[in-house]
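**Student:** I have a structure here, written as structure tokens, and I will follow up with some questions on it.
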Amino acid sequence: MPASPKVANTAPTVVVENDIEIRLELEALQTGKSREISTLDSTQTTLEPSSHTPILTLPPEILSEIFLHFLPPYPRTPPFIGKYSPTCLILVCREWHSVAISTPALWWGIQLGFNFRFVPLQKAGIALAQLWLDRSGCLPLSIFASDMESYDAFPIFDVLVPHCHRWEHLTLAINVYEDLHAIAGLTMPILRTLDMLLEIEDAIDSPLILHDVPLLRSVVLEDNGEGRNLELPWSQLTSLTLESLLVEDCISILRETPNLVKCTLQLTVSRTTEDAYPDISLLHLETLVFEKDFCDVDVQFFQSLITPALLHLELPEPFLGSSDSDCVHSLKAFASKSRCMLNKLRITKSRSTEGVYRDAFPDIHSIIIIPARL
């Protein structure tokens, strides 16, 4: 049977909690958080049950709702310790502790960025992650697992994988080939967003398939390596961000994403020079953002995109050309080929004035020019 949203507080759990909290508080003191700890101590003294603390007379359901507004809104994940962490709430008094650990929605966002200096604290962090997973009951999960420098040494996937059926929003930084394989074969029936940073140095020979994700609609993929063979259900995506990919790798992916509504590209220069690229039809695309300069030849990649539904276009001016006339010509050629009716145009790193684009495109409602830094 699925775990109850109300997690019981047994005596052994209390011992584990106290041990973990003490370890984490020690690390907080060593990283300059003594002021926060001091504040919590004074608050605890103030909020002991008495007639002068009316908040303690509130029903647990109301207090629980107040606690939920203390955290970052889901799917953002709170830190394990410090400001905006539910751990702050359980340290105030016995009543708050009881309400907090009985509120699963306080624990369904888990941030696993372990930068602790000492091995015992790293192990305590993983134990605390398990505790949060237990407290979250059967709710969906938002997992933020980046900055994992101690990844190889500690079995974090052993903690996370048993809950993969509850993953709804997943952010991963992966630098070990085996870890990528660990998630490739999983069934994630409610996963909606995937943000993945690949920092694996070696090329991937065998295909890594992630297809059992029927609700996946949004992917952010940053790949700092080469020779990838990653298969995602591209055709079902409506939002896609590609970072640090080669232009030709991006083209291969975009050919398989006919249902995109939003696309953000931050690519690296192609290995080869092309005079022209094959056309790519993105018939439902409404927002297209380029976030990095390209060499001049890659304006042809921009011209290859067919986007008749496009409303919002953002790109750096150097990508379009070296002169006002070149930039205007590139944009007009793109709009004419796609037959799109732009509503918003945002040009970054611009050396032209707004008037240049306003005169050339009088029908665009909003034109924003961000000047280049001198």
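**Student:** In segment 87-108, which residues are aromatic (Phe, Trp, Tyr) and within 18 Å of Tyr74 (Cβ to Cβ)? Before you say what the answer is, go through the steps one by one.
**Tutor:** Initially, segment 87-108 is screened for residues aromatic (Phe, Trp, Tyr), giving 96, 107-108.
Scanning segment 87-108 gives Trp107, Trp108.
**Student:** Is one or more of the residues making up segment 21-28 at pLDDT 70 or above, assigned to a helix (DSSP H, G or I) and loosely packed, with under 14 Cβ neighbours inside 10 Å?
**Tutor:** no
**Student:** Right, here's the next one. Please specify each residue of segment 65-89 satisfying the condition of being more than 22 Å from Ile55 (Cβ to Cβ), among the hydroxyl-bearing types (Ser, Thr, Tyr) and crowded, with 18+ Cβ neighbours inside 10 Å.
**Tutor:** If the condition is that a residue be more than 22 Å from Ile55 (Cβ to Cβ), among the hydroxyl-bearing types (Ser, Thr, Tyr) and crowded, with 18+ Cβ neighbours inside 10 Å, then Thr77 is the only one that fits.
**Student:** Could you check segment 115-150 and list, in sequence order, the residues that are at pLDDT 90 or above, more than 18 Å from Ile183 (Cα to Cα) and assigned to a loop (DSSP other than H, G, I, E, B)?
**Tutor:** Once the filter is applied, which keeps residues that are at pLDDT 90 or above, more than 18 Å from Ile183 (Cα to Cα) and assigned to a loop (DSSP other than H, G, I, E, B), segment 115-150 yields Ser136, Gly137, Cys138, Leu139.
**Student:** Asp179: assigned to a helix (DSSP H, G or I), at pLDDT below 75 and buried (at least 16 other Cβ atoms within 10 Å of the Cβ), yes or no?
**Tutor:** yes
**Student:** Of the residues that sit in segment 183-199 and are crowded, with 18+ Cβ neighbours inside 10 Å and in a loop (DSSP other than H, G, I, E, B), which one is modelled with the lowest pLDDT?
**Tutor:** Checking each candidate, the answer is Met188.
**Student:** Among the residues of segment 90-114, which ones are buried (at least 21 other Cβ atoms within 10 Å of the Cβ) and either at pLDDT below 90 or not in a helix (DSSP H, G or I) (or both)?
**Tutor:** Once the filter is applied, which keeps residues that are buried (at least 21 other Cβ atoms within 10 Å of the Cβ) and either at pLDDT below 90 or not in a helix (DSSP H, G or I) (or both), segment 90-114 yields Thr103, Trp107, Trp108, Gly109, Ile110, Gln111, Leu112, Phe114.
**Student:** Please work out which one of (1) closer than 18 Å to Val220 by Cβ; (2) more than 20 Å from the chain's Cα centre (by Cα); (3) at pLDDT below 95 is the condition Leu282 fails and give its number.
**Tutor:** All conditions are met except number (3).
**Student:** Taking segment 157-176 as the search range and keeping residues that are more than 23 Å from Pro214 (Cβ to Cβ) and in contact with an Asp or Glu (Cβ under 8 Å, 6 or more places away or on another chain), which one is modelled with the highest pLDDT? Spell out how you get there, then give the answer.
**Tutor:** Looking only at segment 157-176, we keep the residues that are more than 23 Å from Pro214 (Cβ to Cβ), and these are 158-159, 173, 175-176.
This time we only want the ones that are in contact with an Asp or Glu (Cβ under 8 Å, 6 or more places away or on another chain), so: 173, 175-176.
Details: Ala173: 80, Asn175: 69, Val176: 62.
Ranking the candidates gives Ala173 first.
The values are calculated or read from the model by the stated rules, or taken from the named source; none is laboratory data. Small disclaimer: the values here were computed from a predicted structure and weren't measured. When we count neighbours, we look across all protein chains shown, and the Cβ atoms used for this are built from the backbone with ideal geometry, even at glycine.
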